[in-house]
Amino acid sequence: MIKDVLCTYRMPAIAVSAVPPSFIEKIPSDLHRIAEDLTALTRAWNVVEIVTASAASRKREKHIFVEAYNRGEIYHPRFAYPFADQLNMENAEIVLLELLNLVRTYRPASHAAAFAVRALRFKLQDDLSTVWLVHGIQTSNERLIGQALRSKYGGTDGALIRAAKADFARRVDEAIYPNQAFEPTALLLSLQTLTFTAPDVKDAFEWALDAYGILKREEYDPGFRVRIDESAAFIDVRDKSALGPTVFVPEEEHMTGDELIALIAHEIDGHARQTMNGELLLGVWNAILRVDDETYYEGLAMRYENAYKRQRFGIDARPSSLFAFAVRTAELGGSFHRIFDIQFRRQLRLTFGIQRPEPLPPKETIHPMIIEHALDAAWNTTYRVMRGHTDMSNPHHYAMPKDLAYLRGWLLDDALCSADRSHLNECGIMTHRGMELLQGFGLTREHVPIAYRDVASEYAQSLVA
């Protein structure tokens, strides 16, 4: 069963100190040079940018698809990937293979060197998968795209699907028995009356970043800038980006105050602060440990988002099971249409509190606003797990499984909290393997450079004061 997460640490702000012992200084200089070369080569590579379809094709294909779906017809969307199409990875692939050969033949003579070699090998293999992903999209090679995404993110497993089923059943029960759900607080009700557009969201994120001292004002300042971008499909904190570390806000973003505060907890208290902690603590080796599997990254953000919503809003914000079901459907060969159809019906079950296998009410008897909401939600989930595909019939049975990180990462972060090791997930963006590499160096809470200070609560109070 999915466990509750109420594990938020408030660590004192301290001066940055080296990981004991100071192993970064003990890594041989030739391995340092490889790390620096690799980081310079790949610092702008972001898989989300690569697999994001153009705004025009997203809007066009959603309209065509939904119209066809409402008529009972099957239509496979056709997305354009202009960012991926303009990339040239040929020289990069040659360099990556040369570096990988150097690392594979390196014989480490110290603990620090062994750490560096293992971290570099994992990072190089992950970056090669990015190259193959780009090649696959550019040539419409579905087999290659699928191999690259599986290599980067893995897929579903029995434990994850069992957790997803338990989550879905609980959510349906809460729709049936609303009195058992949390009672909304006065703060939540007050914030729900406020609305925010993209410029407002940008201002709020900049305020939160500045509160942590990580707002990038000048070109060479450390930290993040915030950008309103017409090509962005969703709000996204990208530490790796063609524009450098940037928080992207979709141009047509529109939300209520409670949604904004939850995003500050997730994106700024979690993602942005975690990113900067890694850079301050590990330098260039943060970029080496930071591969594109963002499971723990999302787990930390969900820790803060869920804890905030429970404590301040009186509601449960555990990550949804719907991404897990969508990815699993794709792994079984489901097309875009098949995934969407299942997601649409699951949304209606959540709305009406109807457990499977009980039938749903006839579609024509459901209020149009409920139908529209379910269609939008089903589209968003289906689009996200099918990003990167060039053939939406899905002949090679794969998904873009990045969003499994929400549920799986939350469960793994919960395990870290239970083991009194929550600080390890605040020391930078890394995978379980990266944490294993670092644990031998005695990381403690006192080594987390930027302490958690719950800026989401601070901003909420400024809105309702």
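Results for (1) part of a helix (DSSP H, G or I); (2) in contact (Cβ under 8 Å) with a residue 60 or more places away in the chain, shown as yes or no for each residue.
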{"residue": "L348", "(1), (2)": "yes, no"}
{"residue": "R356", "(1), (2)": "no, no"}
{"residue": "P359", "(1), (2)": "no, no"}
{"residue": "E364", "(1), (2)": "yes, no"}
{"residue": "A405", "(1), (2)": "yes, yes"}
{"residue": "G409", "(1), (2)": "yes, yes"}
{"residue": "L424", "(1), (2)": "yes, no"}
{"residue": "E458", "(1), (2)": "yes, yes"}
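Which is under 26 Å from L187 (Cβ atoms), modelled with pLDDT of 85 or more, in contact with a Ser or Thr (Cβ under 7 Å, 6 or more places away or on another chain) and surrounded by fewer than 24 Cβ atoms within 10 Å (Cβ to Cβ), of V455, V464? Quick ask: steps written out before the conclusion?
Working: V455 fails: in contact with a Ser or Thr (Cβ under 7 Å, 6 or more places away or on another chain).
Criteria check complete, one pass: V464.
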List pairs: first in the stretch 187-203 and in contact (Cβ under 8 Å) with a residue 60 or more places away in the chain, second β-branched (V, I, T) and part of a helix (DSSP H, G or I), Cβ under 8 Å, 6+ apart or cross-chain?
L187/V464; S190/V464; L191/I261; L191/V464
Are any of the residues in the stretch 72-79 modelled with pLDDT of 95 or more, among the acidic types (D, E) and in contact with a Pro (Cβ under 6 Å, 6 or more places away or on another chain)?
no
Which of the residues spanning the stretch 228-247 are in a strand (DSSP E or B) and closer than 10 Å to H271 by Cβ?
D236, V237, R238, V247
Check whether at least one residue in the stretch 150-171 is surrounded by 15 or more Cβ atoms within 10 Å (Cβ to Cβ), among the acidic types (D, E) and at pLDDT 95 or above, and report yes or no.
no
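Suppose we filter E49, E73, E67, E61 for residues that are free of Cβ contacts under 8 Å to residues at least 24 places away in the same chain and surrounded by 15 or more Cβ atoms within 10 Å (Cβ to Cβ); which single one remains? Outline the logic, then answer.
Numbers: E49 fails: free of Cβ contacts under 8 Å to residues at least 24 places away in the same chain; E73 fails: surrounded by 15 or more Cβ atoms within 10 Å (Cβ to Cβ); E67 fails: surrounded by 15 or more Cβ atoms within 10 Å (Cβ to Cβ).
Result: E61 is the single residue among E49, E73, E67, E61 that is free of Cβ contacts under 8 Å to residues at least 24 places away in the same chain and surrounded by 15 or more Cβ atoms within 10 Å (Cβ to Cβ).
Of everything in the stretch 272-289, what is of a type outside the set (D, E) and within 24 Å of R453 (Cα to Cα)? Give them in sequence order. Show your work before the answer.
Let us first name the residues in the stretch 272-289 that are of a type outside the set (D, E), namely 272-278, 280-289.
Correct list: A272, R273, Q274, T275, M276, N277, G278, L280, L281, L282, G283, N286.
What about D376, is it farther than 30 Å from P82 by Cβ, charged (D, E, K, R) and either surrounded by 15 or more Cβ atoms within 10 Å (Cβ to Cβ) or modelled with pLDDT of 95 or more (or both)? Spell out how you get there, then give the answer.
On the way: farther than 30 Å from P82 by Cβ: no; charged (D, E, K, R): yes; either surrounded by 15 or more Cβ atoms within 10 Å (Cβ to Cβ) or modelled with pLDDT of 95 or more (or both): yes.
No; evaluated as a whole, the condition is false for this residue.
Please pick out the residue among Y398, Y406 that is under 28 Å from K59 (Cα atoms), aromatic (F, W, Y) and touching a Pro at 6+ places or on another chain (Cβ under 8 Å).
Numbers: Y398 fails: touching a Pro at 6+ places or on another chain (Cβ under 8 Å).
Among Y398, Y406, only Y406 is under 28 Å from K59 (Cα atoms), aromatic (F, W, Y) and touching a Pro at 6+ places or on another chain (Cβ under 8 Å).
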Whether any residue in the stretch 38-55 is touching a strand residue (DSSP E or B) at 6+ places or on another chain (Cβ under 7 Å), outside any helix (DSSP H, G or I) and under 30 Å from I342 (Cα atoms) is what I want to check.
yes
How about the stretch 426-452: which of its residues are crowded, with 21+ Cβ neighbours inside 10 Å, touching a Leu at 6+ places or on another chain (Cβ under 6 Å) and part of a helix (DSSP H, G or I)?
G434
Any residue in the stretch 149-163 that's farther than 12 Å from A405 by Cβ: show its pairings with residues that are surrounded by 14 or more Cβ atoms within 10 Å (Cβ to Cβ) and at pLDDT below 95 at Cβ separation under 6 Å, as long as the two are six or more apart or on different chains.
A163/I2
Going through the stretch 111-166 in order, the residues found to be touching a helix residue (DSSP H, G or I) at 6+ places or on another chain (Cβ under 8 Å) and among the polar types (S, T, N, Q) are Q125, S129, T130, Q138, N141, Q147, S151, T156
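Could you grab me the full set of residues in the stretch 98-141 that are in contact with a Pro (Cβ under 7 Å, 6 or more places away or on another chain) and within 14 Å of L289 (Cβ to Cβ)? Can you show your working first?
Here is the first cut: in the stretch 98-141, the residues in contact with a Pro (Cβ under 7 Å, 6 or more places away or on another chain) are 113-114, 117.
Hit for the stretch 98-141 is V117, nothing else.
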Tally up the residues in the stretch 224-245 that are over 26 Å from W379 (Cα atoms) and buried (at least 18 other Cβ atoms within 10 Å of the Cβ), please.
6
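The values are calculated or read from the model by the stated rules, or taken from the named source; none is laboratory data. Keep in mind it's a predicted model, so treat the numbers as computed, not measured. A quick note on method: Cβ atoms are made from the backbone with ideal geometry, for glycine too, and the neighbour counts reach across all protein chains shown.
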